[in-house]
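Inspection log for the structure reproduced underneath, given as structure tokens.
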Amino acid sequence: MKATAAASAAAAATTVIAPGVASAAPAAPAQPDTNQPAAKKSGNIPTPAQYFGTPIGTDGYLAQWKDMVPYFKLIGQRSERVNYQEVGKTTLGNPYVLLTISSPQNLARLDYYTSINARLADPRGLSDSDAKKLATEGLPFYFVQAGIHSTEVGNSQAAIEWAYRLATEQSDYLKDILDNLIILMVPCQNPDGLVLVNDYFAATANTTFSRTYPDLYNKYNGHDDNRDWIMLTQTESNYNISILNKYHPQVFQDSHQAGSGAPRLFTPPYLSPYDVNIDPILVQQTDTVGLAMQRGMTAAGMKGNGWGVEYDYWTPSRQYCVYHGAARILTEAASVSNLAYPLVGNGPLGRQDKDINFIEPYDSNTWTLRNIIDWVSEAFYSGLETVAYDTYNWLYNSYRVAHKAVTRTSPYAYVIEAGQRDPQAVFDALTIFHKGAVEIHQAKSAFSVGSKTYAAGSYIIYMKQPYAGFAKTLLEVQDYPLLLQYPGGPPQQPYDVTAQTLPMLLGFKADLVGSQFDANATLISAVKPPAVTMPTAPPNTGAYALGPESYGVFRIVAALQRKNIPTFRAAAAFTDGGRNYPAGTFLVQPTDAARQVLQDQANATGIPVYAVGTVPAVAGIQLKPGTRIGMLKPPDNMPSGWLMWMFDQYDVNYSVVVHDDYANLAGKYDAIIMPDGVSRNSIVNGLSATRYPSDWAWAFGVGTAGFTALHDFVANGGTLVAYGSGTTTAQTLFSLPITPVLPNDDSVFFCPGSILSQEIDPNDPAAWGMEADHPVWMDGDQAYKLTSTTTYPVHVVAKYPDSGDQLQSGWLIGGQYLNGAVNGLSWNIGNGYLLTFGSEIGFRTWNRGEQKMLFNAMYYGPSQKLTADQFQRLGR
Ligand SMILES: [Zn+2]
């Protein structure tokens, strides 16, 4: 027993935390090993001022990650209260750090306390009296994180002081907290960004350059890095959830900064609404911690704080923890000037009227980095206190939340039928649930629900399980409440988007089943694509065929391009060997090299490969070998970054279009992507050469000549794919005959991130493989009326229905303005090809089902168009 405990403690100290894996039968908590000695550590721990050479919070000074990491490591080496762990490397190869902090006695029994939390989080088979016993014996875990938003610099600086104080202070106050709590501290959730922002800040000292790093401070998603808790795409997101899945903390404090005019410190309670899948106990516990923080600051004489404004408790894209048992405590401190310099106003800063949720206005005209650290530190310690002095209720309430989840009777389950048209969509969704510790069962034989029969291999997500709420909120349709600022007034702005229905975003079917059914199903331990059997090699006159339905097919296309394997698409539907192939079907000559790529990729994606005996005599295309994709990426443009992540996942041959490329765009690119956020200004003016060093020359403006060069690139035969506000830019570029139809008045039309109805033409090459009614994502975007069909040859790829309900999930005011409006248009501009979408067909990697149209278009434009005769020869 003792040896085992010691071995597992040693392992825990050195291994990277594995992503959470669901388990149907949680182990009983380990017995406490009272003989295990506390870790023997000693040595003087220098104060932050001694170690860094400058006091933390000094105006104009920001500690850097290269110094912070060794300091945290030193504290871990010398303090018996602190375990240092490098969880792994970030996207750019920096260490992602976790500090586990408690009394030495508690740390010696960390496995025991972790096992209690795990048992309470999954209380199947646990009696109420046993739960109460565990709540008496256990300790709550308080997870605090700083620095997910790298220009919100104060919180990670504060974390340096927190680590030092918690490691060294000998007061009864602090010992009391450490005796009663286990603190998990991630001093920086986005180390890459801290390096980029703070190093840039240091490098531009004593220059006339802007001090703020101008680009995405996370390789792919910048400020959207806290919108990744649905898709879980980023390395850092996965480290974070691995900590949550392992320790099941009761509290998760996420420390941010807001604008300089905001309350000095915002904490919960939040605004309405809260997602119905968040347990009411957690909503209340969130309020409890937030108000304890407010009380602490008020008692300490810190003024200007508020709650119940701006931030709501709705979207899971901003919060994973709350579907996994932890109250999410968002703190938002007001920012200072130029990251780290005092903000000085003409009078007292911020709002000056008292309110019940803003009880004492701030009374100074100055706000400093030191103030930010003091305010958020007071809030942090007040949060620790309120949990540390109430451990039983926190633990027992954890049990109550989980108990409700595991005894839920309705709805009963979601069923995801086997053999769907897009195996990649199903695979991606199941992967998200599996990472989210949701148990997924797979049927070993066919079963029936009512009159419907599901084949063996179908997936079942029972709702009677600990984290069913996470799956449910992602599978169901959102019905966002109608919240107006006053009766008849404009809408109350949601803090983020209002819909997250994965089946609509990715393109698969999930059936909600209300009442119990019987199925012979087993819990799966890993998510795998469906097994694919390669067909017998077709004759030399035939071809391998891949359907166009799955967005994952573009991963296969990218692989074929990398291997320089000629790839064709039929422009019309055809039949071969009794199987129907839709327009857009990919055909590849039956070579050994092609077979190898297709086999590898089919195994990785689950996308079936077929053999066609006779290549049909239909018109078609041959993809341009090695199609060269250009990405327009103004610095800090998140839509470009998210799409780059998708491209990197698929290994697409792309690069970012840089300043010097505009001298000869056609020499470098076949197709250019113009995502949402790319404007005429971002191209023409770009970054200013007087405000940024020459390292940023790639992003300096290219002037009107560059804008004209982009026009000519298309007119002379290039391809451009524009979406969201990129379509406004394309309209300017080509004087497109389209007129916006949506009123610019939130009271009349409002679509704050919702999923809408759409009519799509699957015979248009941009929409090959789409279902005719696949919905689209709209987030404050535009829809159009086509004013001329003769200016350029144009075809409607996608439009809003002429009547009926435009909303499928989320919130929409004034849907009738969308009636009959056009959305996707394919254009011939001179010798070139242009696709425009008013809505965002690439949004944070979410709406992969419709993003397929972007992939279709970027390969279609540069392709060689073939007659039926040419196509039938398939290049032979
Ligand atoms: Zn933030």
Item checked: Out of LEU196, LEU291, sole residue that is outside any loop (DSSP other than H, G, I, E, B), within 16 Å of the ligand (Cβ to nearest atom) and open to solvent by 30 Å² or more (accessible area, probe 1.4 Å) -> LEU196
Checklist line | Members of the stretch 218-228 that are within 15 Å of the ligand (Cβ to nearest atom) and either open to solvent by less than 10 Å² (accessible area, probe 1.4 Å) or out of contact with any Ser or Thr (no Cβ under 6 Å at 6 or more places or on another chain) (or both) | finding: ASN218, ASN221, GLY222, HIS223, ASP224, ASP225, ASN226, ASP228
Notebook entry, point to check: Out of all the residues in the stretch 573-588, which are within 19 Å of GLY626 (Cα to Cα) and more than 33 Å from the chain's Cα centre (by Cα)?
Noted result: LEU587, VAL588
Note to self: So for the stretch 246-258 (the condition being in a loop (DSSP other than H, G, I, E, B), modelled with pLDDT of 95 or more, of a type in the set (Lys, Arg) and open to solvent by 10 Å² or more (accessible area, probe 1.4 Å)), does at least one residue qualify?
What the structure shows: no
Next item on the list: Could you list all residues from the stretch 590-613 that are part of a loop (DSSP other than H, G, I, E, B), under 14 Å from THR567 (Cα atoms) and either touching a His at 6+ places or on another chain (Cβ under 6 Å) or open to solvent by 40 Å² or more (accessible area, probe 1.4 Å) (or both)?
Entry: THR591
Notebook entry, point to check: Within the stretch 366-478, which strands (runs of 3 or more DSSP E) (wholly inside it) include 1 or more residues that are buried (at least 18 other Cβ atoms within 10 Å of the Cβ), without any contact (Cβ under 8 Å) to a residue 60 or more places away in the chain and aliphatic (A, V, I, L, M)?
Noted result: 459-462
Item checked: Single residue of GLY814, GLY717, GLY753 found to be under 27 Å from the mean Cα position of the chain (by Cα) and open to solvent by less than 50 Å² (accessible area, probe 1.4 Å) -> GLY753
Next item on the list: Being among the small types (Gly, Ala, Ser) and part of a loop (DSSP other than H, G, I, E, B) is the filter; apply it to the stretch 548-572 and report the residue that is nearest to the chain's Cα centre (by Cα).
Entry: GLY552
Margin query: Please pick out the residue among ARG109, ARG165, ARG119 that is away from the ligand (no atom under 16 Å from the Cβ), touching a residue at least 40 places away in the same chain (Cβ under 8 Å), closer than 15 Å to ARG81 by Cβ and over 28 Å from the mean Cα position of the chain (by Cα).
Written below: ARG109
Next item on the list: For the stretch 242-254, state whether one or more residues are over 18 Å from ALA326 (Cβ atoms), away from the ligand (no atom under 14 Å from the Cβ) and either touching a Leu at 6+ places or on another chain (Cβ under 7 Å) or touching a residue at least 12 places away in the same chain (Cβ under 8 Å) (or both).
Entry: no
Notebook entry, point to check: Is there a residue being more than 15 Å from the ligand (Cβ to nearest atom), farther than 19 Å from ASP228 by Cα and either without any contact (Cβ under 8 Å) to a residue 24 or more places away in the chain or under 23 Å from the mean Cα position of the chain (by Cα) (or both) anywhere in the stretch 294-303?
Noted result: yes
Note to self: Would you confirm, using the coordinates I've provided, whether ALA526 is exposed (fewer than 14 other Cβ atoms within 10 Å of the Cβ) and touching a helix residue (DSSP H, G or I) at 6+ places or on another chain (Cβ under 9 Å)?
What the structure shows: yes
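The values are calculated or read from the model by the stated rules, or taken from the named source; none is laboratory data. Since the structure is predicted, the reported quantities are computational estimates derived from the model, not experimental observations. With ideal geometry, Cβ positions are generated from the backbone for all residues, glycine too; neighbour counts draw on all protein chains shown. Surface areas here come from the heavy atoms of the whole protein model, side chains and all, with no ligands, DNA or RNA. Shrake-Rupley method; radii C 1.70, N 1.55, O 1.52, S 1.80 Å.
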